[in-house]
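> Sharing a structure with you now.
The values are calculated or read from the model by the stated rules, or taken from the named source; none is laboratory data. Not measured: the values here are computed from a predicted model. The protein model used for the area step is the full one, side chains on, heavy atoms only, and it has no ligands, DNA or RNA in it. Shrake-Rupley method; radii C 1.70, N 1.55, O 1.52, S 1.80 Å.
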Amino acid sequence: MSFLTALRRISSWMPVLQRSCTRSCQIGARATCRLLHTPDHAHAVNTCQRQRGATSLQTRAFGLSAFRPKSTDDLSSSNGFHEEGEDEDFLEDSEVEELFQQQIPAGIGEGQHRVFIVHPDVKWGSRKQHLTTAELMMAEAEGLVNTLENWTVVDKMILSTKTPEKKRIFGKGNFQTLTERIRQTAGITAVFVNVERLTPLSERDFEEVWGVKVFDRYSLVLHIFRCNARTKEAKLQISLAEIPLLRSRLKNEMANLDQQGGGSRYIGGSGETLYEIQQRLLKEREIKIRLALEKLRKKRHLLRSQRRHREFPVVSVLGYTNCGKTTLIKALTGDTGLQPRNQLFATLDVTVHAGQLPSHMTVLYVDTIGFLSQLPHQLIDSFSATLEDIKHSDLLIHVRDISHPETANQKVNVLNVLKNLQMPDSLMNSMIEVHNKTDLIANYESAEPAALPISALEGRGLEQLKEAVEEEILKATGKQILDLKVNLSSPQLSWLYKEATVQDVQVDADEGSAVVKVIISTAAHGRYKKLFGSR
């Protein structure tokens, strides 16, 4: 690559990142410093203000769409609902879209790809996989590639290595064998190295040797996320997760310039090199995204408080990607608006759907993003605003695709992610494990007595699951089942229908009274006694 070509490619970042910088200045230096706590952030904001000259500085606040039930009546229909916070302080759709489309990592989103997959089979050490095989991990890698439209796997190779930490991962002989295989395979446009994350140095070296774009699991999964993103929240979180890729790309571009003596040149009279300017603009872009997501986190906290006030129990449904979570929620709620897809990472946003338990109690089922093995912690951190909802649930349902050959390994990966998210012990101990897709296994019998076998697609085992959910919800929420005697001439019965879950009413017409069987929270029962006495 010539010096001028490399310089033009890096300089092309400037207008887009500067637009991001300009808008981020509207947030204000105080919020920026409070969020990231580093001494050079005030300098970043002040520099951005100087670039804007006499333009007035106005604070723009941020907010994002979330979920709120409209009323208890809407929920009792078991249909899904969409909560909406107040419209003020929202980041406009056009701004989020512009941010989302800025600097898509080079080479990954350009139409179709014909992919060669190489899986490094680590023979020993801390990186050796003990709960799976190289063949199963290769099959998952193929599934990731095939998830993307117009992407095809043209060849694949499992190659042993004893040195996964080295720049080229493989020993000299195996690397030469791999390189010859790639060069001899016609039509390859990309190589997918099935590791968690490649260093910028390794990525650059591979691309120079093989002459095609190189992906790791981080960049490929992130591109799948990008293709499935629909909401502001998902797009902002993906934009944040892409910052490390943009930094890697910047390092590689600057390395090309340094070889030609151009990377350390100062730009104008700023006293900054081109690399320092780009790093600063990336940091300012990251600040803007984090501020927007922090606003979202506060909005979510408010909505969770509103749910608690309405006393709707929340059940988070989680599991490995493509295990059937959405299909299960559709079966439990009858929500026809849910359209499950046989696709990895089809769900990226938290969605909330109302359903009824056998006692007619309304619960909210939360559909969450699927988990995956070898996902970098940095990527999980970017989706922390979404995953945080799980921690505030009343109950977790762990859905497993019991027909999958790696179901045991998938369970371990899901539990590890939950551990890293620091899930409360009470939630982990009460979690219900569900063995889904039993319709794909003849005469299935679970080896784990506590697990519930179901087929969400065929509706098998759902009543037993609802009963188990109800039992755990009563324990978790402190609700109780009571028989209350009411005077039919008073507003007691209508109050109970509004504030509790009425299961049964036995009327005594002669007395003008009734015995009402209700599920009621301790707080609501206290209000009832205050209003109507202990009758």
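> Amide H neighbours of Lys156 under 5 Å, counting only residues 5+ apart in sequence or on other chains, H built in-plane at 1.01 Å?
Hits under the 5 Å cutoff: Ile117.
> Right, another one. Heads up, I need the accessible area for Ile287: 1.4 angstrom probe, whole protein in place, Å², nearest 10.
Surface open to solvent at Ile287 totals about 10 Å².
> How compact is the range 111-151 by the rule of thumb for globular proteins, expressed as Cα Rg over 2.2 N^0.38 Å?
Working: Rg = 12.7 Å, N = 41, 2.2 N^0.38 = 9.0 Å.
For the range 111-151, the normalised Cα radius of gyration is 1.40.
> What base-10 log of the normalised intensity I(q)/I(0) is obtained for the range 177-225 from the Debye formula, alpha carbons as equal point scatterers, at q = 0.14, 0.15, 0.30, 0.31 Å⁻¹?
Taken in order of the listed q values, log10 I(q)/I(0) reads -0.34, -0.39, -1.19, -1.22.
> Over the Cα atoms of the range 456-534, Rg to Rh with Kirkwood Rh, two decimal places?
1.10
> What's the percent breakdown of Cα-Cα distances in the range 396-535 across 5 Å bins, shortest bin first?
2, 8, 15, 15, 12, 10, 9, 9, 8, 6, 4, 2, 0
> Same structure, new question: So what are the radius of gyration and Dmax for the Cα set of the range 143-237, in Å?
Final numbers for Rg and Dmax: 14.8, 48 Å.
> Mind checking the alpha-carbon convex hull of the range 470-510 and giving the volume per residue in Å³?
It is 76 Å³ per residue.
> Could you give each residue of the range 203-209 its phi-based ³J(HN,Hα) in whole Hz, using Karplus coefficients 6.51, -1.76, 1.60 with θ = phi - 60°, and x for Gly or Pro?
Coupling constants for the range 203-209: 4, 5, 5, 4, 5, 5, 6 Hz.
> While we're looking at this one, here's another question. For a quick check: with amide H placed at 1.01 Å from N, whose amide H comes under 5 Å from Ala190's, ignoring anything fewer than 5 positions away on the same chain?
Arg114, Phe116
> Check cross-link reach from Lys251 to the lysines: straight Cα distance under 30 Å, and skip same-chain residues fewer than eight apart.
Partners within reach: Lys128, Lys156, Lys162, Lys166, Lys167, Lys172, Lys213, Lys232, Lys235, Lys283, Lys288.
> Let me ask something else about it. Heads up, I need the accessible area for Trp124: 1.4 angstrom probe, whole protein in place, Å², nearest 10.
Answer for Trp124: close to 150 Å² accessible.
> Considering all projection directions equally, how large on average is the shadow of the alpha-carbon convex hull of the range 424-485, in square nanometres?
6.1
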